[in-house]
Every structure is written in structure tokens, then in C-alpha cells.
Amino acid sequence: MIEMKDQKIDELKEYIAATQSNDNPESYLIAVLHKVQGLFGYLPREVMDVVAKAMNIPTAHIWGVATFYHYFNLKPVGKHIVSVCMGTACYVRGAGKVLEALKKNIGVEIGETSEDKLFTLQEARCLGACGIAPVIMIDDKIYGELTGKTATELIKKYRKAAKG
Ligand code: FES
């Protein structure tokens, strides 16, 4: 496990070294944070220290940038990210009920990860699919025209798939 983490840190350092050719490291910070999230699933504190050192940017500044963008996860996340759209179109077509059903089924509140580490529940603003509202996104897949029941069924499918 530790070895795997070291490997990822090495990969990250290589990535940073490759992007560092420019003399304005901050312009690459977002790309580097994306890389961290791609490797670790979230932004671990100790990895941020590695980034700060490698890029010569204060850690506090990096956290400032990371917290500004909602895209970045500051805590470990589950295998699947479930984003419930609460944009206007989805909201008026019952997103609240979908959200309540998902909270109940997954057993978490928004921003939390299920005990089995399978799902992290998030809220989103317009996922760009208003025509099929209410919409949720699981990882990079969009599902629309949902009810509390069909959304719950979807989660059950993912749960079943995870069990193999
Ligand atoms: S408001 Fe939900 S997809 Fe646009």
C-alpha cells in the first residue's frame, strides 16, 4: 500500500517537473491539483506538502486555490461520486425527492461518503441536461427523468456490480 503511494508521488513529481519549464509555476497549479486528484481521488494533506515543496508555492496558498474550486475533494471519496443536480430545472421537477431518497438509501448527508466507501454524495448546479430533469451524475454518466425510486434502483445496481 505504501509502495503504491510512493509510486504515485514519484509520478506526481515527474509530472510537476515536466510542467515546471515555465517560470510561472502558479499557472500550472490547477493542472497539478487535477493530477493529484486523478492519482489519489482527493487532495491528501501530505501530498499537498509535496506539491508546495516541488512547486515552491506556500501550502496555505495551495489550499486557498483548492478550496475555491468545488471540483476538488479535500476528503477521501468513495468509489463512485453521486452528484445530484439541484439546478432550477431539476429542482422544480423533483430533485429534492431524488436527493432525499438517495440520502436515505446511501445512508449519508451531502458531502459524506458511505461506510462501505462505495458512494460519495454531492450536490451539483445544472449538469447541462435540463431537458431530462431531474438529473443525477454517477462518476461521468448522466441519468435523467428520475424519481426517488428509480434513483435508488440505480444505486442498487452499482452496489450489486461492486460486489461482482
Ligand atoms: S438544472 Fe439540472 S441539469 Fe440543468
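In the range 128-160, the residue that is nearest to the ligand (Cβ to nearest atom) out of those that are among the aliphatic types (A, V, I, L, M) and assigned to a helix (DSSP H, G or I) is ILE132. LYS163 meets all of the listed conditions (1) more than 16 Å from the ligand (Cβ to nearest atom); (2) modelled with pLDDT of 95 or more; (3) over 20 Å from the mean Cα position of the chain (by Cα) but one, namely (2).
Scanning the range 61-71 turns up no residue that is touching a residue at least 24 places away in the same chain (Cβ under 8 Å), within 17 Å of LEU121 (Cα to Cα) and of a type outside the set (Phe, Trp, Tyr). Residues in the range 118-127 that are closer than 18 Å to GLY96 by Cβ and either part of a loop (DSSP other than H, G, I, E, B) or among the charged types (D, E, K, R) (or both): GLU123, ARG125, CYS126, LEU127.
In the range 90-103, the residues that are acidic (Asp, Glu) reach residues that are more than 15 Å from the ligand (Cβ to nearest atom) and in a helix (DSSP H, G or I) with C-beta atoms within less than 7 angstrom, at least six apart or across chains, in these pairs: GLU100/GLY148.
Residues in the range 84-103: is at least one at pLDDT below 95, within 16 Å of the ligand (Cβ to nearest atom), touching a strand residue (DSSP E or B) at 6+ places or on another chain (Cβ under 8 Å) and in the same structural domain as CYS130 (by TED's automatic domain parsing)? Let's see the steps before the verdict.
Applying the first criterion (at pLDDT below 95) to the range 84-103 yields none.
The answer is no, given that none of the residues of the range 84-103 is at pLDDT below 95, within 16 Å of the ligand (Cβ to nearest atom), touching a strand residue (DSSP E or B) at 6+ places or on another chain (Cβ under 8 Å) and in the same structural domain as CYS130 (by TED's automatic domain parsing).
Of the residues VAL36, VAL50, VAL92, VAL65, the single one that is among the β-branched types (Val, Ile, Thr) and crowded, with 18+ Cβ neighbours inside 10 Å is VAL36.
Residue check: is ASN56 touching a residue at least 24 places away in the same chain (Cβ under 8 Å) and more than 30 Å from ALA161 (Cα to Cα)? Yes; evaluated as a whole, the condition is true for this residue.
The values are calculated or read from the model by the stated rules, or taken from the named source; none is laboratory data. Since we're looking at a predicted model, the values are computed, not measured. Neighbour counts run over all protein chains shown; Cβ positions are idealised from the backbone, glycine included.
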